[in-house]
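Pasting a structure here, questions to come.
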């Protein structure tokens, strides 16, 4: 059953999408050898807060084999080199989220970037009401394999909703018979990943992104202060440890994660030595196809 968005909600999504497109383009221009990951992330996040209500999640800067959940720490001084760089950003307006990504090639592998971009384009040609999500996945998979690369099979596109950056429906990066029909009013982020590797990511050891998992009370005073700040500022949206200004925030975050109050997101990565590219748009399903919010 379709559920068209009311005008006010749609305008909030559109505002988030417009801001995101501008910020993503500006940030991509700054990705060059000698610039640091932290400079680019902080630039993008500041611009988002200037123009919208906030970040839907920390700016992800994934390098080479990294695919997702990579964001710099507070003291990170790593510079870009001859890297393949995926920039993934999210913006919210009153909790309504736009999510998009581009790949900046400093590594000399333009075909891998093109594979993800063309897979996204193929997916956008397919999406519409009544279309099975598996059909969208097939368009992604066929395009990426046509370039001689592999789609990342255990990452997928997803729905976005108010204060929820990852909800249903799941948009696979492969063809599948199991799926759901897209409906008018669905807001989905379609994000193909193309890789030189085997097409599966696993968790790395680095973890800089967290979100609220449970509302239980905590006894430690510093942890309680951090938790109160997270509830007030970010609600259920992911946040970066470097956003917390308390001098003992790092210790408090680890304590809250151990207690199951916060959920941590380890960096997801392909095998060492492989490369990953990404392209992403957020769209709203319309009666005659889709409206790209982040174009």
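Look at residue 184 and say whether it is under 30 Å from residue 10 (Cβ atoms) and either in contact (Cβ under 8 Å) with a residue 60 or more places away in the chain or under 23 Å from the mean Cα position of the chain (by Cα) (or both).
Yes, satisfied.
Find the residue count for the stretch 167-178, including only residues that are touching a residue at least 24 places away in the same chain (Cβ under 8 Å) and either surrounded by fewer than 19 Cβ atoms within 10 Å (Cβ to Cβ) or assigned to a strand (DSSP E or B) (or both).
8
Another question, if that's okay. Here is a check on your reading of the model: is residue 164 surrounded by fewer than 24 Cβ atoms within 10 Å (Cβ to Cβ), in contact with a helix residue (DSSP H, G or I) (Cβ under 8 Å, 6 or more places away or on another chain) and touching a residue at least 12 places away in the same chain (Cβ under 8 Å)?
No: the conditions fail for residue 164.
For the stretch 24-36, enumerate the residues that are part of a helix (DSSP H, G or I) and either in contact with a helix residue (DSSP H, G or I) (Cβ under 8 Å, 6 or more places away or on another chain) or farther than 20 Å from residue 108 by Cβ (or both).
24, 25, 26, 27, 30, listed by residue number.
The rows are residues; the columns are (1) closer than 26 Å to residue 32 by Cα; (2) at pLDDT below 95; (3) in contact with a helix residue (DSSP H, G or I) (Cβ under 8 Å, 6 or more places away or on another chain).
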| residue | (1), (2), (3) |
| --- | --- |
| 96 | no, no, yes |
| 106 | yes, no, no |
| 110 | yes, no, no |
| 115 | yes, no, yes |
| 126 | no, no, yes |
| 133 | no, no, no |
| 136 | no, no, yes |
| 143 | no, no, yes |
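Sort out which residues of the stretch 275-295 are surrounded by fewer than 16 Cβ atoms within 10 Å (Cβ to Cβ) and in a loop (DSSP other than H, G, I, E, B), and write them in order of number.
Selection gives 287, 288, 295.
Listed residues 67, 115; which is in the same structural domain as residue 195 (by TED's automatic domain parsing), crowded, with 23+ Cβ neighbours inside 10 Å and under 29 Å from residue 264 (Cβ atoms)?
Criteria check complete, one pass: 67.
Exactly one of these conditions fails for residue 248: (1) at pLDDT below 95; (2) in contact with a strand residue (DSSP E or B) (Cβ under 8 Å, 6 or more places away or on another chain). Give me its number.
Of everything listed in (1) at pLDDT below 95; (2) in contact with a strand residue (DSSP E or B) (Cβ under 8 Å, 6 or more places away or on another chain), residue 248 misses just condition (2).
Within the stretch 52-86, restricting attention to residues that are part of a strand (DSSP E or B) and in contact with a helix residue (DSSP H, G or I) (Cβ under 6 Å, 6 or more places away or on another chain), which residue is farthest from residue 187 (Cα to Cα)?
If we take residues in the stretch 52-86 being part of a strand (DSSP E or B) and in contact with a helix residue (DSSP H, G or I) (Cβ under 6 Å, 6 or more places away or on another chain), then 61 is farthest from residue 187 (Cα to Cα).
Which residue out of 182, 262 is in contact with a strand residue (DSSP E or B) (Cβ under 7 Å, 6 or more places away or on another chain) and not assigned by TED's automatic domain parsing to the domain that holds residue 96?
262
Kindly list the number of the only condition in (1) over 19 Å from residue 233 (Cα atoms); (2) assigned to a helix (DSSP H, G or I) that fails for residue 108.
(2)
Can you name the residue in the stretch 235-255 that is outside any strand (DSSP E or B) and in contact (Cβ under 8 Å) with a residue 40 or more places away in the chain and is also surrounded by the fewest Cβ atoms within 10 Å (Cβ to Cβ) among such residues?
In this case the residue turns out to be 236.
Could you tell me whether the stretch 30-48 includes any residue that is out of contact with any strand residue (DSSP E or B) (no Cβ under 6 Å at 6 or more places or on another chain), modelled with pLDDT of 95 or more, exposed (fewer than 14 other Cβ atoms within 10 Å of the Cβ) and closer than 16 Å to residue 280 by Cβ?
Taking every residue of the stretch 30-48 in turn, none turns out to be out of contact with any strand residue (DSSP E or B) (no Cβ under 6 Å at 6 or more places or on another chain), modelled with pLDDT of 95 or more, exposed (fewer than 14 other Cβ atoms within 10 Å of the Cβ) and closer than 16 Å to residue 280 by Cβ.
The values are calculated or read from the model by the stated rules, or taken from the named source; none is laboratory data. Values in this document were obtained by computation on a predicted structure and should not be read as measured data. All Cβ positions, even for glycine, are placed from backbone atoms using ideal geometry, and neighbour counts span all protein chains on display.
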